[in-house]
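Participant: Questions regarding the structure given below will be posed in turn.
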Amino acid sequence: MLSSLLALPGWNLQWWQYVLITLALTHISIAAITIFLHRSQAHRAVDLHPIVSHFFRLWLWLTSGVVTKEWVSIHRKHHAKCETVEDPHSPQTRGIMKVLLEGAELYRAEAKVAATLEKYGHGTPDDWMERNVYSRHSAMGVALLMIINIALFGPIGLTIWAVQMAWMPIMAAGIINGVGHYWGYRNFACEDASTNIVPWGILIAAKNCTTTTTRMARRHGCRTNGTSSTSAGCTSTDDLCGACHGSQSGSDREMATRQAAV
């Protein structure tokens, strides 16, 4: 068994097979962001089984070093302060090139603001693993992943690792937060600057359809009878919790809060 594992770098795969493997791995990372961080943690739109939830936490620790409480807090603040100077990553106030090229840096800067974490980080994981591993040693996961990739794929594993490291800063922090609030088309009229980029969203889990998800979220509230909304391409309906979405009215926030408590 051990000898067969050590022989893995001798797979002699074709270049396109390595590309498919890389795309599959990065797609799991994008799924972890949109399903776990965004819908489950930030907006409480879906309840995940503890095993599924912890898998996503482990995967994000390995592939990005993202701390759940930090990401959730920043995203909730983005909705509460959308397109204002307090929005942590709005291209309308910070400039499109700033968000495109330094989106990850904007996240890291806001993650150091204790008031943001305290106000918007409620309800995120706070177990032993989170306190002693995922949050305390957030950089250890990406280093461990580099070792795993090289062990599995040989020298090409370092290239696969580099793509994985760049995927979230480019696709999520850059394109979704940047282009998605700056350039594109709209299905609905929105109070913010969100746009749809292209009608097909397989690479970034339909998050390129920012106007559609924002508009539908306001229509659907936080959750309905304990179930989450679904998404398919540009028909996705990400549920935003009214308690975190600053543009909703007081009555809408009260209703969303009551629904979230169900």
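Bear in mind that the values in this text are calculations on the coordinates, not laboratory data. Model, not experiment: these values are computed from the prediction. Here the Cβ positions follow ideal geometry from the backbone for every residue, glycine too, while neighbour counts run over all protein chains shown.
Participant: With label points built 7 Å along Cα→Cβ from the Cα atoms of ALA115 and VAL19, find their separation and express it in nm.
Facilitator: Rounded to a tenth, the inter-label distance reads 4.9 nm.
Participant: May I pose another question? If I model a spin label as a point 7 Å beyond the Cα along the Cα-Cβ vector, how far apart are those points for MET165 and ASP47 in nm?
Facilitator: Simple spin-label model gives 4.0 nm for this pair.
Participant: Could you list PHE153, PHE36 so that the one with the fewest beta carbons within 10 Å of its beta carbon is first and the one with the most is last?
Facilitator: In increasing order of surrounding Cβ atoms, one gets PHE153, PHE36.
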